[in-house]
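Visitor: Handing you this structure, nothing more for now.
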């Protein structure tokens, strides 16, 4: 994992297979011993011998899926793994061989960004950590550990508490006070925030249901993530009680529109409960004016949640954290390290300024797990804070990455990605055939633009031009996928036809990759 050589894992199928069979103890011991012996042999056969090989001598080989262009398997290890009888069938139990045969090459620069033929061929997948793949934040194989009580996973519970406290300090809450938990993604973290807000103001809903509360309304940006709408539906508010706020041309909430709609809701007899300020919108990468929104929330006694799933990572950068000014005034914050910070999926935190609300909102005091008379402080039992009980150990990879890179390492990662987005913006803003979706430099790494082929440049603005331009980005992306050179997302927004949305979050990207992307779009789109 830590050396230059990428070691494809010995097939675990022979090791895992006995778990699915009723083998006797002697047979199980034989299989386990055989697996350990083969693994140790593979590790020691590495060309890169010495201290690194001894360091890597472990029962499981966690292959380096974050390898850069130079990280490729040494020839002897690769040949022995490919020719081994253990790998001649299915390298990973239960998965088609065609899937797993591509795992070792998924992050090589020399590999295709995508291999595409048809939807019926599931063996053809995208290398989502390759430099030129910009549609996804990351791709990973996760360690399968779980936790819900301190006695089950004491180390991971402490890791989580220490890391969450540090995150709260970075948000700006005094001494890192408050609470938090890692959840299965930003959508669930946002749902937690709505649940906690409702519990804070109307705790009786927990026992009596929504009938115990007046008609509650929520407010969010028209550009906010769809998970806020999903939470309003799933939690019984109803999507009609989610009021969308107008934004400026850059996608930022207009505070005056928020206050006007709060006043209108109160006039109708509704109770304004909750406001989301988005720090890094999905499409434009816009940052809502948190301080101005916080003023309105305090004036009308509403819960302020900052959805920093995409933009929260900028808090690690002294150069860019000003874009989240006012975040310390929020009642809760969603922060996804698996996005801008490059931590493997999944890794999302919900941070709450007031301690005790998570526990009060979600606790059901299951007697078979959460006994009050344990031999340790039961406040370390985090399972009752969560919607689910057992949780995946998402903290370990984040903690380990933070230890390895340091806060300065994350800062450099984020600054580099934003520098690259600025480079792309400056490269195409006045370039023939390119047009920006909105004026000015993007606030985040989202660079939104149209490519206008020569055949459309002389057409006057009108419906015919719009319809033809709407088809350009999908056609170019299809050709990108067929050739396997790169992949960039596209989408419409409001009354705007399809445009490219280039999102940079990969620290391995370089200016030459940006140059190649622009030239590839021009090459593929020239004759459209």
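The values are calculated or read from the model by the stated rules, or taken from the named source; none is laboratory data. As the structure is a prediction and not an experimental result, all values here were calculated from the model. Methodologically, a virtual Cβ is constructed for each residue, glycine included, from the backbone with ideal geometry; neighbour enumeration extends over all protein chains shown.
Visitor: Just checking, which of 483, 512 is over 30 Å from residue 226 (Cα atoms) and either in contact with a helix residue (DSSP H, G or I) (Cβ under 6 Å, 6 or more places away or on another chain) or modelled with pLDDT of 90 or more (or both)?
Guide: One residue alone meets the criteria, 512.
Visitor: Mind checking which pairs have a first residue in segment 491-513 that is in contact (Cβ under 8 Å) with a residue 60 or more places away in the chain and not assigned by TED's automatic domain parsing to the domain that holds residue 223 and a second that is assigned to a loop (DSSP other than H, G, I, E, B) and exposed (fewer than 15 other Cβ atoms within 10 Å of the Cβ), Cβ under 6 Å, 6 or more apart or different chains?
Guide: Note: pairs meeting the criteria are 508/68.
Visitor: Say we look at segment 448-474 and pick out the residues that are touching a residue at least 24 places away in the same chain (Cβ under 8 Å) and part of a loop (DSSP other than H, G, I, E, B); which of these is surrounded by the most Cβ atoms within 10 Å (Cβ to Cβ)?
Guide: 453
Visitor: Looking at segment 230-241, is at least one residue surrounded by 20 or more Cβ atoms within 10 Å (Cβ to Cβ), under 24 Å from residue 491 (Cβ atoms) and in contact (Cβ under 8 Å) with a residue 60 or more places away in the chain?
Guide: No - not one qualifying residue is present in segment 230-241.
Visitor: Can you confirm whether residue 241 is in contact with a helix residue (DSSP H, G or I) (Cβ under 8 Å, 6 or more places away or on another chain) and more than 20 Å from residue 308 (Cα to Cα)?
Guide: The answer is yes for residue 241.
Visitor: Conditions: (1) within 25 Å of the chain's Cα centre (by Cα); (2) modelled with pLDDT of 70 or more; (3) assigned to a loop (DSSP other than H, G, I, E, B). Residue 389 meets all but one. Number of the miss?
Guide: So the condition that residue 389 fails would be (2).
Visitor: For segment 254-364, which helices (runs of 4 or more DSSP H) that fit wholly inside it have 1 or more residues that are at pLDDT below 95 and farther than 30 Å from residue 496 by Cβ?
Guide: The qualifying helices (runs of 4 or more DSSP H) are 357-362.
Visitor: When the residues of segment 244-269 are narrowed to those that are more than 26 Å from the chain's Cα centre (by Cα) and either outside the structural domain of residue 294 (by TED's automatic domain parsing) or surrounded by 16 or more Cβ atoms within 10 Å (Cβ to Cβ) (or both), which ends up nearest to residue 284 (Cα to Cα)?
Guide: Checking each candidate, the answer is 254.
Visitor: Which ones in segment 221-243 are over 23 Å from residue 387 (Cα atoms) and within 25 Å of the chain's Cα centre (by Cα)?
Guide: 221, 222, 223, 224
Visitor: Inspect segment 370-384 for any residue being crowded, with 19+ Cβ neighbours inside 10 Å and either at pLDDT 75 or above or part of a loop (DSSP other than H, G, I, E, B) (or both) and give the result as yes or no.
Guide: Checked segment 370-384: at least one residue is crowded, with 19+ Cβ neighbours inside 10 Å and either at pLDDT 75 or above or part of a loop (DSSP other than H, G, I, E, B) (or both).
Visitor: Could you grab me the full set of residues in segment 413-447 that are part of a helix (DSSP H, G or I) and in contact (Cβ under 8 Å) with a residue 60 or more places away in the chain?
Guide: 413, 414, 415, 416, 417, 418, 420, 421, 423, 424, 427, 428
Visitor: Follow-up. When residue 220 is evaluated against the numbered criteria (1) part of a helix (DSSP H, G or I); (2) at pLDDT 95 or above, which criterion, by number, is the only one it fails?
Guide: Here residue 220 clears every test but (1).
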